[in-house]
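Accompanying notes for the structure given below.
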Amino acid sequence: LNSMEEPEERRFEDFTNASEWESFTSRLEEALCSWRLHKDERVISRQNSQIVGQSGKEKISVGPFSFVVALHQESPEAIEAGDVFQQLSNLSDDFPPRAHCIRRWFGVHQFIVISPSPEPDTGLTNTQAKLILSSASVALNNTQCCVPVFVGVQQKWRRMYTGVCVSQGKQIWFDTVHLRYAPPQFSHLTGMIEVFKSKVGQPSVKVPVVVSVHFTYVLRDFDLFNWPQSPPDFDKQGKTGSNVVEVSDFPFGSTLDPVIDLHLSTTWPSLTEDVVVDNAVYSDLDPIDAPRWSLRAR
């Protein structure tokens, strides 16, 4: 008998089913379109700031994990602030008085934050954040959305974020560094400018760097003043209260101190590096000579 050859076994793999991260990318694209952040609706978004100006939230699940995608608009002018490059180069808004730390650190008015739900105390690792931002980068590119996306990493109290933005065919990566002890070159302006030039790859650039300087002083110790003060005895002082001679010596007031602390900020906006000296041995940055002062009570 001739031996019968068994038919060759054929195996087919179905690649049409979307993976969990592909589904995450698709859901993120839907969220961007619902917030009118994609290219086709960008003109409408500028004309109808009330719709886009409201912060939005979407919950997206990836297998057993859930994430909250939140849209933040830090100011009513965010719609008219232009693309992310114009926002980053805007020198008039370097130090907003009250803002999200992402806007304060990176200068963007409108951004998206992706965080796990429920948010763990340990936060996401850098590897997990890169995986999320990789999917976000695909969604931004597919929808032609120029709003940056950020993901919190490490412990929540450290407020460390890494992010990505796709705009005008270019990709911008944002990162945060948290040092326990600042290196000596970070203690003065000259050292920080040198680090900045080395990071951009132009250590010998001839164009002067434009910097803005902001110092904040916080007063929390009010023990030098008597507080609270007891109510006055009008029987002893008389009806006119003639013994009150100075406004600062009022013998009455609130029973509890309404002020927790005072924040005094001194600012030097838009200085070129060749007009100011601040190094390890000498500094022109005397707070008394600052052109702009601001005071905030909390």
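The values are calculated or read from the model by the stated rules, or taken from the named source; none is laboratory data. Since this is a predicted model, take the numbers as computed values, not measurements. Every residue, glycine among them, receives a Cβ derived from its backbone with ideal geometry; neighbour counts consider all protein chains shown. Surface accessibility is based on the protein's heavy atoms, side chains included, excluding ligands, DNA and RNA. Shrake-Rupley method; radii C 1.70, N 1.55, O 1.52, S 1.80 Å.
Tabulated values for the structure
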| item | result |
| --- | --- |
| Top-ranked residue of segment 113-136 - restricted to ones that are open to solvent by 20 Å² or more (accessible area, probe 1.4 Å) and among the polar types (S, T, N, Q), ranked as nearest to D175 (Cα to Cα) | N126 |
| Pairs with Cβ under 8 Å, 6+ apart, first in segment 135-160 and in contact (Cβ under 8 Å) with a residue 24 or more places away in the chain and outside any strand (DSSP E or B), second open to solvent by 20 Å² or more (accessible area, probe 1.4 Å) and acidic (D, E) | A139/E29; N142/E29; T143/E29; C146/D83; Q155/D121; K156/E119; K156/D121 |
| Tally, over segment 140-169, of residues that are touching a Leu at 6+ places or on another chain (Cβ under 7 Å), of a type outside the set (V, I, T) and open to solvent by 20 Å² or more (accessible area, probe 1.4 Å) | 1 |
| Criterion violated by R98 - all others in (1) open to solvent by 90 Å² or more (accessible area, probe 1.4 Å); (2) in a helix (DSSP H, G or I); (3) free of Cβ contacts under 8 Å to residues at least 24 places away in the same chain satisfied | (2) |
| Every residue from segment 154-181 that is in contact with a Phe, Trp or Tyr (Cβ under 7 Å, 6 or more places away or on another chain), hydrophobic (A, V, I, L, M, F, W, C) and under 15 Å from W105 (Cβ atoms) | F174 |
| Verdict on W105 being in a helix (DSSP H, G or I), touching a residue at least 60 places away in the same chain (Cβ under 8 Å) and more than 22 Å from L28 (Cβ to Cβ) | yes |
| Index of the failed condition, L189 passing every other in (1) modelled with pLDDT of 85 or more; (2) open to solvent by 40 Å² or more (accessible area, probe 1.4 Å) | (2) |
| Among (1) at pLDDT 80 or above; (2) aliphatic (A, V, I, L, M); (3) over 30 Å from L264 (Cβ atoms); (4) in contact with a Ser or Thr (Cβ under 6 Å, 6 or more places away or on another chain) - the single one A136 does not satisfy | (4) |
